[in-house]
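Each remark here refers to the structure printed beneath this line.
Nothing in this text is a laboratory measurement; each read-out follows from the coordinates by a stated rule. Everything numeric here is computed off the predicted structure, so don't read it as measured data. Because the Cβ atoms are built from the backbone with ideal geometry, glycine has one as well, and the counts that use them run over all protein chains shown.
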Amino acid sequence: MFRVINKIEKSYDENVTLFFEDKISTCEYLSEESRKLINKVIEKEKFTGKFKETIKFTFLENGYLVTLTYVGAGKKEEFTEDRLRELLFSTLSKMTGNILLSSEEPDLCNTRILTEIFYNINYSFDVYKEKKNAKINLDIFKEQKTEGMGEEEILAISTNITRALIDEPANIINPESLAETAEALGREFGFATEILEEDKIKELGMEAFLAVGRASINKPKLIVMRYFGDKTQRDKKYGLIGKGLTFDSGGLCIKPADGMLGMKEDMGGAATVIGTMCSLAKLGVKKNVIAIVAACENSISSNAYRPGDILTTMSGKTVEVINTDAEGRLTLADAITYAIRIEKVSEILDVATLTGAMMVALGFAATGVYSNSDEKYLALESAGKYWGEKYWRMPLFDEYGELMKSDVADLKNSGGRWGGANSAAKFLEEFTEGLPWMHLDIAGTAFSDKDKKWIKKGATGVAVKTIYTYIKNMI
Ligand code: BES
Ligand code: MN
Ligand code: ZN
């Protein structure tokens with residue numbers, strides 16, 4: 001549990017106080033004797049409050065054993081929100097039980113960041129383990145107490161919904177169970193869902209989407225989520241599209257074992273837009289948003305789609321299949337066309353674990369973003385900074401588009417290795433019909449193989465909070 005309190009009513013396993021360097025003081029509510037002891041120990045140990053420096057005191061106060069931990073936050077002049085994230089993550093990750101945290105410095109007691117880090121640490125994918133990972137309870141001591149769940153708490157919960165969906169394996173999350181989960185979350189958080197079945201998808205002419213999912217026993221589902229927060233401007237609708245490959249084996253162009261292992265995460269974009277819809281609806285954001293997920297599984301069987309096949313997308317454009325492992329863009333192309341032509345969205349943002357090439361370009365540090373609008377890109381980037389997430393703009397040069405031209409069809413689905421993330425983005429651009437558009441390739445950021453700064457191993461839930469803030473602040 002996470003609470004902000006202004007009265008201490010119980011004893012804690014850990015009492016943590018944060019200080020800037022050379023700005024250490026001892027709490028006034030302790031006895032003269034204890035304060036003297038603390039000051040002596042600080043002097044002896046030469047504790048000055050350097051970044052991540054900690055010191056622990058255990059002493060008797062009125063017959064009770066008290067344990068205090070002082071944590072250094074480094075120089076005040078060097079303070080950044082990201083440094084605070086890193087400090088809180090490393091400090092709290094090592095603790096268990098009931099923790100009380102306080103600081104005289106408002107910057108170090110930032111409830112938004114504390115909430116974020118608390119929910120980040122407390123999430124762990126342990127449903128299938130007999131022995132569960134330890135959780136913490138965190139109370140923040142503040143003069144001014146806040147009531148109820150704030151924006152940051154709903155966002156943290158939504159982010160964890162996204163993480164859990166990604167962490168679940170592909171034998172649990174398939175197109176059908178993903179659709180059912182979206183429906184259940186819609187009921188709980190306040191958005192409407194409609195699930196289109198295979199025959200309806202066929203009727204719509206989404207041949208590219210259907211081809212990708214055809215070899216799997218798990219039938220494709222088109223998940224449509226609708227939230228109308230601004231009924232005065234019904235024609236202003238924001239389209240969110242998430243890549244929903246519940247598993248990507250690569251298809252006939254099968255992936256090597258190493259590359260296939262992580263492919264349960266290939267519905268990361270879908271999980272991101274679902275989590276974002278939860279937060280937008282729950283927080284009553286005054287915007288209209290339609291989220292689309294073309295959910296399917298890229299599998300192999302005798303009826304699998306093949307290299308060389310020519311597919312007619314819903315838009316009418318034809319695509320020559322060069323590589324069945326470049327499947328995400330085929331499903332996204334049809335989902336984008338559906339959003340534009342059927343749902344009549346006025347703007348598009350898609351999120352996808354689209355290319356390995358994106359990971360080669362930016363590693364795990366930043367999400368690559370492609371956009372035809374400078375202004376929109378900058379708005380997204382600054383929403384990202386607010387939540388400690390890095391976004392980096394990538395190019396949409398014509399040269400990359402040239403790579404996607406086919407001799408036998410309007411387009412091909414792979415432009416080869418070099419600049420592979422960029423040519424994939426150019427492929428998607430072909431389906432955006434000139435609308436404002438942004439594409440987030442989260443292949444490197446949706447999942448982390450190890451703990452880093454304030455990123456926990458496993459699904460990260462990246463982009464949920466950022467897209468929420470971006471949409472909320474949009475004009
Ligand atoms: N889902 C993968 C991209 C991916 C790779 C995401 C690793 C997360 C981690 C995508 O469908 C894919 O296989 N892309 C190919 C495209 C290529 C065949 C043109 C790739 O990037 O290798
Ligand atoms: Mn693939
Ligand atoms: Zn994929």
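Structure above, values below:
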| quantity | calculated |
| --- | --- |
| Within the chain, helix-based [θ] at 222 nm, where runs of 4 or more DSSP H residues each add -39,500 (n - 2.57), nearest 500 | -10500 deg cm²/dmol |
| Cβ crowding within 10 Å averaged over residues, with 110-116, 321-327 ranked highest first | 321-327, 110-116 |
| Residue exposure sequence - M267, M225 - by fewest surrounding Cβ within 10 Å | M225, M267 |
| Relative contact order of segment 36-95, pairs being alpha-carbon contacts under 8 Å that are 6 or more residues apart, as % | 28 |
| Contact order relative to length of segment 192-292, as percent, for alpha carbon pairs under 8 angstrom and 6 or more apart | 36 |
| Kirkwood hydrodynamic radius over Cα pairs of segment 2-142, then Stokes diffusion coefficient at 37 °C and 0.692 mPa s, in µm²/s | 206 |
| Links that overshoot a 30 Å alpha carbon limit, given the list K50/K376; K76/K390; K317/K376; K202/K412; K135/K465; K236/K453 | K50/K376; K236/K453 |
| For the chain, size of Cβ-based charge dipole, Lys and Arg +1, Asp and Glu -1, in debye | 720 |
| Of all DSSP beta bridges in segment 2-142, antiparallel share, percent nearest 5 | 30 |
| Sparsely packed chymotrypsin sites (Phe, Trp or Tyr not before Pro) within segment 3-75, loop by DSSP, other Cβ within 10 Å at most 12 | Y29 |
| Candidates per trypsin sites (Lys or Arg not before Pro) in segment 323-374, loop by DSSP, up to 16 other Cβ within 10 Å | K344 |
| Kirkwood-type radius of segment 67-219, with distances r between different C-alpha atoms, in Å | 19.2 |
| Residues in segment 447-468 that a label on I172 would reach, taking backbone N under 16 Å of a point 7 Å out along Cα→Cβ | 458-461 |
| Virtual spin-label span in nm between K231 and A192, 7 Å along Cα→Cβ | 1.2 |
| Of all DSSP beta bridges in segment 153-473, antiparallel share, percent nearest 5 | 50 |
| Positive-end extreme of charge dipole, the chain - chosen from T312, N133, G63 (charges on Cβ) | G63 |
| Sites matching chymotrypsin sites (Phe, Trp or Tyr not before Pro) across segment 402-449 that sit in DSSP coil, with at most 11 neighbouring C-beta atoms within 10 Å | W418 |
| Between helix 268-282 and the chain: long-axis angle, C-alpha atoms, 0 to 90°, nearest 10 | 60 |
| Cα centroid separation, segment 254-311 to segment 362-424 (Å) | 18 |
| Peptide ranges 251-261, 294-304, 128-138, 309-319 listed from the most packed, as the mean C-beta count within 10 angstrom indicates | 294-304, 309-319, 251-261, 128-138 |
| Förster-model FRET efficiency, 45 Å R0, K75 and E33, C-beta, rounded to 0.05 | 0.90 |
| Cα coordinate range in the chain, projected on the principal axes (Å, largest first) | 85, 48, 46 |
| Theoretical FRET efficiency, 1/(1+(r/R0)^6), r = Cβ-Cβ of K23 and E143, R0 22 Å, to 0.05 | 0.75 |
| Relative contact order (percent, whole number), the chain, Cα cutoff 8 Å, 6+ residue spacing | 15 |
| Projected label distance in nm at D199 and T96, using a 7 Å step from Cα toward the beta-carbon | 5.5 |
| Backbone HN-Hα couplings from phi across segment 369-378 [Karplus 6.51/-1.76/1.60, Hz, Gly and Pro as x] | 10, 10, 8, 8, 9, 4, 4, 5, 4, 5 |
